[in-house]
Structure formats: C-alpha cells, structure tokens
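A.B. asks: Here's a structure for you.
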Amino acid sequence: MRITYAGLVAGRASLAVEPGREGASLRFVSVAKSQGFFAWLFRFRVDDRTVAEWDPVTSCSLGIEKHLREGQAVRDQVVHIDPATGRADVEDRKVPQRVFSVEPCVLDVLSAFFVTRARGVDEREPLKLPVFDNGKSYVLEVRLRGRERVDLPEPLGRKVPTVVVEPLLAEGTGLFAKKGRVTIWLTDDERRVPVRLRSKVAIGSVSADLESYTPPAPR
C-alpha cells in the first residue's frame with residue numbers, strides 16, 4: 001500500500017498472511033516504512049513491523065510481537081497468549097505488569113483485523129471482539145459506515161464494490177505507536193481485501209491505498 005500525507009508520498013506498507021510457527025497456526029505480518037520527500041523534509045522516520053500468531057481452528061490469538069519506530073516514539077513488545085489458561089505474558093518496558101489474566105479466546109489487535117475480514121460486519125449491529133493490547137483488555141467494536149466503488153490495481157480491477165468499516169479503538173492501543181481514528185475499505189466479497197485506509201491525526205489525515213495484491217495460492 002502507498003501511504004500519503006497532505007498529498008505527498010510518505011511511505012509504503014504491506015499486510016501478509018503466512019504459515020505460522022505453531023503447527024497449523026497462521027502469522028499475520030504488518031510492515032510500514034517511511035520514504036520519499038515527506039520523510040526527508042520533516043525528518044520523520046517510520047520503521048514498523050508487527051507479527052501476530054493466530055489459531056484458525058479456535059479463532060484465538062497466540063500472541064503478538066511489535067517493533068515500532070515512529071519519529072522519536074519507540075516501542076518493542078512481545079506478548080505470548082495461552083488461550084487454554086487465559087494468561088498473557090508481556091515483555092514491554094512501557095508496561096510494568098508482566099502477567100495478565102485475559103478472556104479464554106482473546107485476540108490481539110492485528111488478529112482482530114483479520115477476524116473482522118473473515119466474519120464481516122453486519123449492517124444492523126457492530127461486530128464485537130475481545131481484544132488484549134498494550135496491557136489493556138477491552139471489547140473492540142467494528143461498525144459498517146457505508147459502501148463505495150473503488151478503482152483498484154489488477155487483478156482486482158475498476159469500480160470494485162467495497163464496504164467501509166470503522167474499528168473503534170481504545171485509547172493508547174492499535175498497530176501503531178500513535179493514536180487516531182481509522183476508517184478501512186474492504187472489498188465487498190468473501191475475501192474482504194483491505195484496499196484503502198484513512199487515519200485521522202492531529203493535523204489532517206494519513207491515507208494508505210492499495211498498489212498491488214497477490215491472491216493466495218490455490219490449494
């Protein structure tokens with residue numbers, strides 16, 4: 001995805017689904033890096049990598065690892081979740097507590113995004129997901145905000161139907177070190193491919209738009 005701010009290219013980001021390390025688990029990988037004139041002009045560097053481990057059989061998170069570099073903000077975090085016992089172990093110098101009791105099948109913030117894709121969001125009521133992130137447990141609500149047709153790169157094509165959703169994040173949580181309101185466009189089909197993102201910040205908004213998409217290999 002191409003990231004822009006105030007009409008300038010600010011960086012690139014990618015989302016991937018990979019085989020996990022825990023048998024039949026899956027790994028969700030999010031990477032974002034600053035680049036271009038904007039990063040040079042404002043001396044604001046971003047180098048983020050987040051990896052979540054998720055069990056598709058139980059739909060439970062097994063943990064998440066974040067390495068975030070956004071300007072002067074630095075965050076390194078490793079979380080191991082045991083769904084059977086409801087225990088989360090957190091390694092993060094910004095979180096003084098090390099062991100937490102969580103719901104038996106809680107999600108990390110990145111797994112919650114992919115579960116949203118898998119389940120979809122009903123028009124009549126928000127999707128509600130139990131999430132543990134940065135030492136906090138809360139219920140994430142994802143609301144359907146509308147539908148739009150969007151021109152996308154191949155193999156998706158032009159005027160692709162999309163649904164527009166908004167995850168209501170708890171303060172101080174999320175994929176990135178900074179906070180803000182996020183709106184996400186997903187293709188209106190069973191894949192629900194993320195194709196656009198708008199994030200409100202202190203001044204203006206940051207946009208991410210799909211540049212390329214690699215469909216999963218046939219099984």
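A.B. asks: Which residue is surrounded by the fewest Cβ atoms within 10 Å (Cβ to Cβ), if the candidates are limited to region 124-157 and must be on the phi > 0 side of the Ramachandran plot and free of Cβ contacts under 8 Å to residues at least 24 places away in the same chain? Can you show your working first?
C.D. replies: Restricting attention to region 124-157, the residues satisfying the condition of being on the phi > 0 side of the Ramachandran plot are 134-135, 146, 157.
Keeping just the survivors that are free of Cβ contacts under 8 Å to residues at least 24 places away in the same chain gives 146, 157.
Working: 146: 12, 157: 9.
Looking at the filtered set, the residue picked out is 157.
A.B. asks: Let me ask something else about it. Take region 129-161 and flag every residue that is within 21 Å of residue 79 (Cα to Cα) and not in a loop (DSSP other than H, G, I, E, B).
C.D. replies: Within region 129-161, the first condition is being within 21 Å of residue 79 (Cα to Cα), and the residues that meet it are 129-140.
Selection gives 129, 130, 131, 132, 133, 136, 137, 138, 139, 140.
A.B. asks: To continue, here is another question. Please determine whether any residue of region 41-48 is assigned to a strand (DSSP E or B), β-branched (Val, Ile, Thr) and at pLDDT below 95. Before you say what the answer is, go through the steps one by one.
C.D. replies: Our first condition is that a residue be assigned to a strand (DSSP E or B); within region 41-48, this holds for 46-48.
With the extra rule that they be β-branched (Val, Ile, Thr), the set shrinks to 46.
From what is left, the residues that are at pLDDT below 95 are 46.
Taking every residue of region 41-48 in turn, at least one turns out to be assigned to a strand (DSSP E or B), β-branched (Val, Ile, Thr) and at pLDDT below 95.
A.B. asks: Consider residue 79 carefully, then state whether it is in contact (Cβ under 8 Å) with a residue 24 or more places away in the chain and within 18 Å of residue 136 (Cβ to Cβ). Even if it seems obvious, please write down each step before you answer.
C.D. replies: Working: in contact (Cβ under 8 Å) with a residue 24 or more places away in the chain: yes; within 18 Å of residue 136 (Cβ to Cβ): yes.
Answer is yes for this residue.
A.B. asks: Give the residue that is nearest to residue 20 (Cα to Cα), with candidates limited to residues of region 75-128 that are in a strand (DSSP E or B) and among the polar types (S, T, N, Q).
C.D. replies: Restricting attention to region 75-128, the residues satisfying the condition of being in a strand (DSSP E or B) are 75-82, 87-91, 99-101, 107, 127-128.
Filter once more, so that each one left must be among the polar types (S, T, N, Q): 77, 101.
Numbers: 77: 19, 101: 24 Å.
The qualifying residue nearest to residue 20 (Cα to Cα) is 77.
A.B. asks: Go through region 100-123 and give me each residue that's among the acidic types (Asp, Glu) and closer than 12 Å to residue 87 by Cα. I'd like the intermediate steps shown before the answer.
C.D. replies: Applying the first criterion (among the acidic types (Asp, Glu)) to region 100-123 yields 103, 108, 122-123.
Within region 100-123, 103 is the sole residue that qualifies.
A.B. asks: Going residue by residue through region 167-181, is there one that turns out to be among the aliphatic types (A, V, I, L, M), at pLDDT 95 or above and surrounded by 13 or more Cβ atoms within 10 Å (Cβ to Cβ)? Walk me through how you get there before you give the answer.
C.D. replies: Taking region 167-181 and keeping what is among the aliphatic types (A, V, I, L, M), we get 168-170, 175, 177.
Then drop every residue that is not at pLDDT 95 or above, which leaves none.
Within region 167-181, none of the residues are among the aliphatic types (A, V, I, L, M), at pLDDT 95 or above and surrounded by 13 or more Cβ atoms within 10 Å (Cβ to Cβ).
A.B. asks: Return yes when residue 162 is surrounded by 12 or more Cβ atoms within 10 Å (Cβ to Cβ) and more than 28 Å from residue 62 (Cβ to Cβ) and no when it is not. Give the derivation first.
C.D. replies: On the way: surrounded by 12 or more Cβ atoms within 10 Å (Cβ to Cβ): yes; more than 28 Å from residue 62 (Cβ to Cβ): yes.
Spelling it out, residue 162 is indeed surrounded by 12 or more Cβ atoms within 10 Å (Cβ to Cβ) and more than 28 Å from residue 62 (Cβ to Cβ).
A.B. asks: Is region 87-110 home to any residue that is modelled with pLDDT under 95, under 19 Å from the mean Cα position of the chain (by Cα) and surrounded by fewer than 19 Cβ atoms within 10 Å (Cβ to Cβ)?
C.D. replies: There is at least one residue in region 87-110 that is modelled with pLDDT under 95, under 19 Å from the mean Cα position of the chain (by Cα) and surrounded by fewer than 19 Cβ atoms within 10 Å (Cβ to Cβ).
The values are calculated or read from the model by the stated rules, or taken from the named source; none is laboratory data. Predicted, not measured: the structure shown is a model, and the values here were computed from it. With ideal geometry, Cβ positions are generated from the backbone for all residues, glycine too; neighbour counts draw on all protein chains shown.
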